[in-house]
Amino acid sequence: MAMRVRFAPSPTGHLHVGNARTALFNWLLARGQGGTFILRIEDTDLERSTKASEAKILEDLRWMGLDWDEGVEAGGPMGPYRQSERLDIYRAHAERLIASGHAYYCFCSAEALEAERKAQLIAGLPPKYAGTCLSLSPEAATRRRQAGEAAVIRLRVPAGREVTFHDLVRGPVTFHTAVIGDPVLVRSDGIPAYNYAVVIDDQLMAITHVIRGEDHISNTPRQLLVYEAFGWTPPRFAHLSLVLGPDHAPLSKRHGATSVAEFRAKGYLPEALVNYLALIGWSPRSSRFKVQSPKLETLQTATGDAAVDELLPALELAQRFRLEDVSHSAGVFDDAKLAWVNRHYLKALDSERLVAEALPFLRETSLVTGPPGPAALTWLTTVLPPMAASVDRLSQIPERLRDVFRFEPGAMLADEALATEMSDASARAVVAALADTLATAPRLLDRAAFRAAAAEVKDRTGQKGKALFHPIRVALTGAAQGPELDVIVPAIDTAADLPSREGLAPVQGCRERARACRALLGHS
Ligand code: GLU
């Protein structure tokens with residue numbers, strides 16, 4: 001039977017990275033085994049489900065590249081794929097269970113149930129439905145319903161039984177029915193309970209493998225009892241361990257970013273997040289077969305690390321993914337490792353894609369102020385790759401470009417150490433010679449032009465090495481440290497000549513910078 005797996009988020013908030021990992025493991029399995037990946041929206045919690053959350057979850061999944069074959073928006077033969085559109089299906093199936101005696105109407109009021117629960121707790125018993133309506137005759141139930149009394153539908157749980165299943169990650173799991181009170185399948189307003197709707201959907205959508213978080217493990221026996229009541233063969237189950245923070249508590253807000261959207265906003269690339277999430281609680285068995293992928297080669301050549309075997313594009317991960325290799329112990333989310341993975345993907349990115357990925361961050365910091373024109377795009381394509389090579393995340397790129405856009409020689413002189421260095425006669429002489437040289441030189445559009453200008457300053461002043469280049473750096477960038485001058489100087493001068501309609505924030509050229517700096521320091 002062809003494999004069919006599903007991711008079934010409840011649209012009640014953001015997509016947590018733990019859930020994103022669940023989605024990813026389903027996707028990896030489907031893509032690696034030629035299966036079908038289904039996206040179902042479990043929105044029966046009407047108070048907490050929102051359309052906005054659903055839209056965000058879909059956007060995050062798409063951003064991660066986790067495309068689905070069937071499901072909301074994609075359609076498919078076994079829809080609808082949103083639970084709120086399947087209420088008739090749930091009700092009709094529940095009536096079948098009533099007819100076969102596996103379920104019954106229950107008229108107990110919320111107050112009566114609450115009183116029952118309290119009494120059990122006081123008596124030191126685990127709270128469970130006492131079975132008040134279990135013995136109502138079908139005729140009595142029909143009469144009360146016809147008289148307009150509200151009723152839920154409950155499953156009749158067989159007494160004195162063990163429910164066992166073989167979890168593909170955790171091995172055999174057994175629960176005793178003594179701990180399971182007859183669960184509500186459908187509420188009086190027609191809304192199905194999760195443990196019931198999920199079974200109907202997984203059955204009707206022909207799901208072969210249910211892969212989900214281990215927080216659902218105690219739900220599984222209840223669901224198995226529903227399969228049994230219908231006489232259906234259940235799918236296989238795999239419960240994934242939770243993702244923990246460094247303190248071994250479940251990853252939550254107090255550990256920092258937890259949602260896919262937050263990691264995206266922090267400047268992680270989708271392929272890096274995907275690759276990293278796959279490695280939480282799973283590791284690819286090392287090269288059991290030779291992988292043919294130009295992308296992989298670029299990625300692996302961009303690294304000098306031994307752990308390079310772990311850097312695999314999504315489809316390669318899918319080919320290697322086996323549920324039996326998934327660990328049942330909890331995985332710890334490691335920010336440093338995610339940053340390491342992201343760095344490698346940033347280095348391997350082609351320059352057009354890098355520009356596209358960096359643009360939102362450049363706009364956010366107002367370094368790009370409008371749609372970039374062709375010359376600005378060419379500029380970004382040249383300037384960004386060396387910058388990206390030295391950052392962990394896209395959001396750090398604007399800071400690396402700071403010296404191009406911001407030139408504040410006054411601020412430099414406010415730094416006492418720097419001011420002292422620059423007031424030195426030889427430093428002032430270098431700045432003056434630089435200003436003179438650049439006054440007549442064309443813009444320094446490439447490395448060679450910068451080298452030629454520096455050589456002229458050297459000839460004019462007799463300075464060399466640090467005594468030459470340090471004052472040049474300070475004069476042109478306003479800072480003691482920064483990217484290589486060979487890179488930053490052409491970046492500054494190329495940007496300085498771009499017309500404002502190209503969409504870049506204005507950049508002051510090297511000639512103007514040297515002149516301003518000389519004026520500040522006074523002539524030597
Ligand atoms: N809607 C459930 C959740 O978001 C999914 C449960 C399942 O996969 O069976 O936790």
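Residues in region 265-278 that are in contact with a helix residue (DSSP H, G or I) (Cβ under 6 Å, 6 or more places away or on another chain) and at negative phi: Lys266, Tyr268, Leu269, Pro270, Glu271, Ala272, Leu273, Val274, Asn275, Tyr276, Leu277, Ala278.
Identify the residue in region 312-330 that is within 21 Å of the chain's Cα centre (by Cα) and assigned to a helix (DSSP H, G or I) and, among all such residues, is surrounded by the most Cβ atoms within 10 Å (Cβ to Cβ). Top of the filtered list is Leu317.
Scanning region 237-253 for residues that are over 20 Å from the mean Cα position of the chain (by Cα) and within 15 Å of the ligand (Cβ to nearest atom) yields a total of 3. Annotation: of all residues in region 252-296 being out of contact with any Phe, Trp or Tyr (no Cβ under 8 Å at 6 or more places or on another chain) and among the β-branched types (Val, Ile, Thr), the one that is modelled with the highest pLDDT is Val274. Is it the case that region 192-203 has a residue that's farther than 30 Å from Asp335 by Cα and either at pLDDT below 95 or charged (D, E, K, R) (or both)? Among the residues of region 192-203, at least one is farther than 30 Å from Asp335 by Cα and either at pLDDT below 95 or charged (D, E, K, R) (or both), which makes the answer yes. Checking Ser395 against (1) within 30 Å of Leu311 (Cα to Cα); (2) outside any helix (DSSP H, G or I); (3) at pLDDT 95 or above: exactly one of these is not met. Which one? The number of the failed condition is (2).
Taken over region 183-192, the residue count meeting the criterion of being at negative phi, part of a loop (DSSP other than H, G, I, E, B) and in contact (Cβ under 8 Å) with a residue 60 or more places away in the chain is 1.
For region 200-236, filtered to residues that are in contact with a strand residue (DSSP E or B) (Cβ under 7 Å, 6 or more places away or on another chain) and over 27 Å from Gly32 (Cα atoms), the residue that is farthest from the ligand (Cβ to nearest atom) is Ala229.
The lone criterion from (1) more than 29 Å from the chain's Cα centre (by Cα); (2) part of a helix (DSSP H, G or I); (3) more than 17 Å from Glu95 (Cα to Cα) left unmet by Thr164 is number (2).
None of Phe7, Phe25 is in contact with a helix residue (DSSP H, G or I) (Cβ under 7 Å, 6 or more places away or on another chain) and either hydrophobic (A, V, I, L, M, F, W, C) or more than 24 Å from Ile200 (Cα to Cα) (or both) except Phe7. Inside region 380-422, can you point out the residues that are among the polar types (S, T, N, Q) and over 24 Å from Leu445 (Cα atoms)? Within region 380-422, Ser395, Gln396, Thr420 meet the criteria.
Considering region 1-102, the qualifying helices (runs of 4 or more DSSP H), each wholly inside and each with 2 or more residues that are within 16 Å of the ligand (Cβ to nearest atom), modelled with pLDDT of 95 or more and buried (at least 16 other Cβ atoms within 10 Å of the Cβ), run over 17-32, 51-63. Looking across region 9-57, the residues that are free of Cβ contacts under 8 Å to residues at least 60 places away in the same chain and of a type in the set (S, T, N, Q) come down to Ser10, Thr12, Gln33, Thr36, Ser49, Thr50, Ser53. If you go through region 110-128, how many residues are loosely packed, with under 14 Cβ neighbours inside 10 Å, hydrophobic (A, V, I, L, M, F, W, C) and not in a loop (DSSP other than H, G, I, E, B)? Going through region 110-128 one residue at a time, the tally reaches 6.
There is no residue in region 116-133 that is over 43 Å from the mean Cα position of the chain (by Cα), under 25 Å from Asp45 (Cβ atoms) and of a type in the set (Ser, Thr, Tyr). Residues that are surrounded by 14 or more Cβ atoms within 10 Å (Cβ to Cβ), among the hydrophobic types (A, V, I, L, M, F, W, C) and closer than 24 Å to His255 by Cα occur at least once in region 352-364. Please count how many residues of region 205-245 are under 19 Å from Val157 (Cα atoms), surrounded by fewer than 17 Cβ atoms within 10 Å (Cβ to Cβ) and of a type in the set (Lys, Arg). Of the residues in that region, 0 qualify.
Of all the listed residues (Ala272, Ala197), the sole one being touching a residue at least 24 places away in the same chain (Cβ under 8 Å), away from the ligand (no atom under 16 Å from the Cβ) and part of a helix (DSSP H, G or I) is Ala272.
The values are calculated or read from the model by the stated rules, or taken from the named source; none is laboratory data. Note that the structure is a prediction, hence the values are computed from the model and not measured. Methodologically, a virtual Cβ is constructed for each residue, glycine included, from the backbone with ideal geometry; neighbour enumeration extends over all protein chains shown.
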